[in-house]
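Data block below; observations after.
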Amino acid sequence: MDNILDKAYDIETFRKKGHALIDMMADYLSEATSDRAEIQAIPWQSPKEQLDYWQKDFRKPNLADPLDLFERVMDRSIQVHRKRYLGHQTTPTLPVTVLSAALTALLNQGMGVYEMGMVGNTLEKVLTEHLAQKLGFGRETSGFITSGGSLGNLTALLAARAAATDIWHNGYEDGQQLAVLVSEEAHYCIDRSARIMGLGAAGIIKVPVNEKFQMRTELLEQYYQQALSEGKQVVSVIGCAGSTSTGSYDDLRAIAAFSRKYNIWFHVDGAHGAPAAFSPKYRHLVAGIEEADSVVVDYHKMMMTPSLSTAVLFKSGGDAYKTFSQRAQYLWTDQNTEEWYNGGKRTFECTKAMSALNVYTISRTYGDEVFKENIERLYGLAERFADMIRANENLELAYEPQCNIVCFRFTAAEGDLSKLNLAIRKALLEEGRFYIVQTVLNGELYLRVSLMNPLSTEKELQELLLTIEENASGVLQL
Ligand SMILES: Cc1ncc(COP(=O)(O)O)c(C=O)c1O
């Protein structure tokens, strides 16, 4: 078998390497969950060092064994399964999804039309209907899965625009200014979506937040009237459940009441926090979500699924078909019919990964209980972490956390606290044992922890605070 292509498709090599890779990944997982102090969450290297390394690697002769490559990729990547990974909202994927993701890669379903994703398109319907029911939606709901919260929010907001005005077909009229009302703490993808839709800076009306970083819903009326007086047409009011920096949940009931009063599309960005609905203890945080016209939920944040996998739900199923209407005769015969099984009619993507299999595998293996447990464990751990910060006179909590995102800073020093906390976080990053991030709140820099790993415990959090204090005294001595 000399031909390179025949060699590349060799099945026995695949079988052998596959077994070895599974062993390697199992070793990684068992090390990740061990308590060894020297285990790193991030093997930090600068972009230049990384680029030099891979440019050199790329020039080398072909690999004798891909496992050598996989091992080096693992060793040089941030490791989200480490108990001291406490950074961005990326989930330590459930091991069973590593298996379903491998199968997804093998089957490589196109998904755009039914034939190219018979199982996948059907799983999307089953899963999104179930999620919608968890959120309290009625029977009219429909949904699908798309590639990420950013694209999900854009898709939902395009539907909001289509419900208000037919710009999709007609383009903008002279002087027509559309707008959305959203908390100033919303994820940047909302701003980006609005700009992509042609709303411009004037069309993104940011409503101020309160001391818990929730939208001040009592200001909605005033901001709306102001928009009207400036000749703007408000096509959507958007609630955060929760917001990215602080994990704050807007008062969705109040936003729902406002949107009802003026018949404005109510969208909820629940990318991070909507799965609170799985927990009887925390579901109050999303009260009112069932009144939304559309909701976005990232399975790949709080539902332990590999990236990317985002549910876009529409309360009124037909709305899902209004977003994109285009002729694609080679895919489907009639654009105007509502066929849930032809995925491409409702998503931005044409070809799309069958990521539904990952979520479906979790659901069928462990049921809703695993989502409930994950939320309760992580939100509960955040409450205890907040207690630790409160009890430490060198630290200050930025606000009362509502979910698994906690922002705080070291304050036992004179001078520029933002600069000091930036240096603390830089020292943490370069040392690599812990991974946390930073954010700016009210113009000041804070340290930010997202508790994403249900295997993290108070022990790691206590060690983190100790390391922060050590780093602070190291920085202050410089
Ligand atoms: C609240 C919120 N919405 C949307 C997004 C964007 O989602 P994605 O990264 O899946 O595109 C994020 C990402 O952190 C988020 O926190």
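The values are calculated or read from the model by the stated rules, or taken from the named source; none is laboratory data. Source: prediction; values computed, not measured. Cβ: placed from backbone, ideal geometry, glycine included. Neighbour counts: every protein chain shown. For accessibility, only protein heavy atoms count, side chains too; no ligands or nucleic acids. Shrake-Rupley method; radii C 1.70, N 1.55, O 1.52, S 1.80 Å.
Among 374, 392, which is the only one that is open to solvent by less than 40 Å² (accessible area, probe 1.4 Å), in contact with a helix residue (DSSP H, G or I) (Cβ under 9 Å, 6 or more places away or on another chain), assigned to a loop (DSSP other than H, G, I, E, B) and not assigned by TED's automatic domain parsing to the domain that holds residue 122?
392
Starting from the range 371-390, keep only residues that are free of Cβ contacts under 8 Å to residues at least 40 places away in the same chain, then list their pairs with residues that are open to solvent by 10 Å² or more (accessible area, probe 1.4 Å) whose Cβ atoms are within a distance under 7 Å, requiring at least 6 positions of separation or different chains.
386/397; 386/401; 390/397
Within the range 272-303, track down each residue that is within 11 Å of the chain's Cα centre (by Cα) and away from the ligand (no atom under 11 Å from the Cβ).
Result: 303, single match.
For the range 252-271, which residues satisfy the criterion of being within 16 Å of the ligand (Cβ to nearest atom) and outside any strand (DSSP E or B)?
252, 255, 270, 271
With respect to residue 94, is the statement that it is under 31 Å from the mean Cα position of the chain (by Cα) and within 28 Å of residue 447 (Cα to Cα) true?
On the way: under 31 Å from the mean Cα position of the chain (by Cα): yes; within 28 Å of residue 447 (Cα to Cα): yes.
When the stated conditions are applied, residue 94 passes them.
Please report, ordered by residue number, the helices (runs of 4 or more DSSP H) entirely within the range 144-226 with at least 2 residues that are at pLDDT below 95.
In the range 144-226, the matching helices (runs of 4 or more DSSP H) lie at 149-164, 167-170.
So which of 46, 77, 34 is of a type in the set (Ser, Thr, Tyr), closer than 22 Å to residue 458 by Cα and not assigned by TED's automatic domain parsing to the domain that holds residue 453?
Only one candidate qualifies: 34.
Can you tell me which of 355, 418 is in contact with a strand residue (DSSP E or B) (Cβ under 7 Å, 6 or more places away or on another chain), under 30 Å from residue 144 (Cα atoms) and of a type in the set (S, T, N, Q)?
355
Could you grab me the full set of residues in the range 395-406 that are open to solvent by less than 10 Å² (accessible area, probe 1.4 Å) and either under 17 Å from residue 463 (Cα atoms) or modelled with pLDDT under 95 (or both)? Walk me through how you get there before you give the answer.
From the range 395-406, those open to solvent by less than 10 Å² (accessible area, probe 1.4 Å) are 403-406; that's our starting set.
Matches in the range 395-406: 406 only.
Looking at the structure I just gave you, is residue 119 more than 22 Å from the chain's Cα centre (by Cα) and crowded, with 18+ Cβ neighbours inside 10 Å?
When the stated conditions are applied, residue 119 does not pass them.
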